[in-house]
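Here's the structure, in C-alpha cells; my notes come after.
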Amino acid sequence: MLWIANCLLADPSPREGALRVEGQFITGRTSHLAVKVSTLDARGLTLVPAFVDAHVHLSVAGDAGLIAREELRRGVAGVIDLGAPEAALASLDLRPLRVRFAGPLFTAPGGYPTQTWGRDGHGLPLTTAGEARAAVGRLAAAQARFVKLAFDPRGPMLAFDVAKAAADEAHRLGLKVAAHALEADAVRLALDAGADVLAHTPREKLPADLLERMKGKWVISTLFAFEVAPERLAALREAGARIAYGTDLGNERTAPGIDPRELALLKAAGVDPLRAATQDAAELAGLKDLGRLSVGGAASLLAVRNLEPEGLSRPVWVMNCGKMVV
C-alpha cells in the first residue's frame, strides 16, 4: 500500500488531497492524511488521470508494439484505433495499453482511403447491404467496439443503403458507429445513416439543423492534424455535442504521447482539454476504470507541474495500473 501525498488532485478541478494505491487500483482518497503512512511525496505536483486518445491508427504510426510502449511512457493509457486491417486486429492486443478498435473503414469500391494510405486493407470496399452486415458481424466477433463509415467526396462514396445496413447491424450488436465526415453534406449522410460519433471535427461550418442533430452525439477533436478552426468545434460544443480528445496518430505531424497543440486548440474552442482527454474520452472508449481519480478505478495517472497544455504533455512521472512507467 502506498499513499501519494502533498499534491493537488485534478479530475478535472484541482483540489488538495492524497491517493492510496494498492496493486493496480486506487483504494482510497482523502483531503488530508492524519496519520504517518508510507507515502510518495508529490509536493508541488498535480495528479491527473492518464490520458485516452480517442483517434489513433497504431499500424499506420509504426511498429504497433513500440508505439504502444511510447504512448504509455508519455502518459496515454488507452486509445481508440479507428482504422486497421481486419488481418491486423489480433495484433492490437497491446496490454498494458488499452486498445479499443473499429477495424477497417467501410467505403465504396475505389473510395477513401483505398487509393491512398488505406490501400493495404485499412479501407474495406462494400457494395451491398448484405456485405455490410457480414463485415460488421466479423468485426464484432473480433471484439471491435466501433464500426467506421467513410463519407469522403474525393472518391466514390459508400452507398446510403450499405451505410445504413452497417450502422443498423452495428447497433444491434452493441457497437458504436463512427464516421469520417469532414464536410457538411458528408455529416448529413453520416447522421442519416445512424452515426453516433464524428471521427473528426468537420472542416466546414455546419448549418443549424445539423448542429441541432449533433446534441448528445460525440465528436473527436483532431483539430491540429486536419487544420480545423477551433470555432467549428466550439459550435458543436454549444449545440450539445460531447467532445473527446483525439490526435489521429499516424497522420502527418503527429507523434505518440499527449499533444499540447491539440490541447491548446481544444481550450481555444471552449472545451476543457483535461476532461476531454480523460473522463470523456474514456467514456467514449468504454474504459470505465480510466479517466478519473476515483476509488476503485485503475491507478493510471500522471504527475504534472501545471494544467496548461505544455505542462500536461510533459508529465514528471507516469503510473499505469499501479506501476511506474519508465
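Would you calculate the separation in nanometres between label points at Arg69 and Val295, each defined as 7 Å from the Cα along the Cα-to-beta-carbon direction?
3.8 nm
Lys and Arg at +1, Asp and Glu at -1: add these up for the other residues within a Cβ distance under 10 Å of Leu105 and post the number.
Once positives and negatives cancel, what remains is 0.
On full extension of the chain, what length is gained from Arg314 through Ala255, given 0.36 nm per residue of separation minus the C-alpha to C-alpha distance?
Computed gain between Arg314 and Ala255 is 19.9 nm.
With equal scatterers on the alpha carbons only and no solvent term, can you work out the Debye log10 of I(q)/I(0) for the chain at 0.11, 0.13, 0.16 1/Å?
After summing over all Cα pairs, the log10 values are -0.66, -0.89, -1.26.
Given contacts defined as C-alpha pairs under 8 Å and at least six residues apart, what's the relative contact order of the chain, whole-number percent? Write down the numbers at each step before the final one.
Numbers: 815 pairs, mean separation 67.4, N = 326.
Relative contact order for the chain comes out at 21 percent.
Please report the net charge: other residues with Cβ closer than 11 Å to the Cβ of Leu189, K and R +1, D and E -1.
Net local charge, Leu189 excluded: -2.
Rounded to the nearest 0.05, what FRET efficiency do Asp185 and Glu22 give with R0 = 41 Å and r taken as the Cβ-Cβ distance? Could you check?
E(calc), rounded to 0.05, equals 0.20.
Ranked by Cβ crowding within 10 angstrom, fewest neighbours first, how are Ser294, Ser221, Ser59, Ser31 ordered?
Ranked by crowding around the Cβ, least crowded first: Ser31, Ser294, Ser59, Ser221.
Considering the zone a paramagnetic label at Ala268 would reach in this model (a point 7 Å from Cα along the Cα-to-Cβ line), which residues of segment 232-259 have amide N under 19 Å from it?
In segment 232-259, the label zone of Ala268 (backbone N under 19 Å from the point 7 Å along Cα→Cβ) covers 232-238, 243-249, 252-255, 258-259.
Starting from the 7 Å offset along Cα-to-Cβ, what nm value, one decimal, do you get for the label separation of Lys215 and Arg43?
Distance between the two pseudo-spin positions: 5.2 nm.
At most 10 other Cβ atoms within 10 Å and a DSSP loop assignment: could you name the GluC sites (Glu not before Pro) in segment 246-303 that fit?
In loop regions of segment 246-303 (DSSP not H, G, I, E or B), the sparsely surrounded GluC sites (Glu not before Pro) are Glu252.
Can you tally the net charge around Gly83? Count Lys and Arg as +1, Asp and Glu as -1, for every other residue whose Cβ sits under 13 Å from the Cβ of Gly83. Write out the running numbers ahead of the final one.
On the way: positive: Arg100, Arg119, Lys148; negative: Asp81, Glu86, Asp120, Asp152, Asp248.
Taking every other residue near Gly83 into account, the sum is -2.
Mind ordering 119-132, 174-187 by average Cβ neighbours within 10 Å, highest first? Intermediate values should be presented prior to the final figure.
Values: 119-132: 17.6, 174-187: 20.6.
Those peptides, ordered most packed to least, come out 174-187, 119-132.
Label-point separation (nm) for Ala90 and Arg15, each offset 7 Å from Cα along Cα-to-Cβ?
Each label point lies 7 Å from its Cα, and together they span 4.9 nm.
Test of understanding: ordering Lys323, Lys164 by Cβ neighbours within 10 Å, fewest first, what list do you get?
Lys323, Lys164
So which trypsin sites (Lys or Arg not before Pro) in segment 198-270 are both in a DSSP loop and have at most 11 other Cβ atoms within 10 Å of their Cβ?
Filter output for segment 198-270: Lys215, Arg253.
Would you mind ranking Trp117, Trp3 so that the residue whose beta carbon has the fewest other beta carbons within 10 Å leads the list?
Arranged by neighbour count, lowest to highest, Trp117, Trp3 become Trp117, Trp3.
Report, in degrees rounded to the nearest 10, the 0 to 90 angle that the Cα long axis of helix 160-172 makes with the longest principal axis of the chain.
Helix 160-172 sits roughly 40 degrees off the main axis of the chain.
Taking 0.36 nm per residue of separation and subtracting the Cα-Cα distance, what length does fully extending Val326 through Arg29 add?
Roughly 104.4 nm would be gained on extension.
List nothing, just return the count: lysine pairs in the chain, 8 or more apart or interchain, with Cα separation under 24 Å.
Final tally of qualifying lysine pairs is 21.
Dipole of the chain (Lys/Arg Cβ +1, Asp/Glu Cβ -1, origin at the Cα centre): which of Pro207, Thr114, Gln279 lies farthest to the positive side?
Of the options given, the answer is Gln279.
No value in this document is a laboratory result; all are computed from the given coordinates. None of the values given here were measured: they were computed from a predicted structure. Positions of Cβ are backbone-derived with ideal geometry, glycine not excepted, and every protein chain shown enters the neighbour counts.
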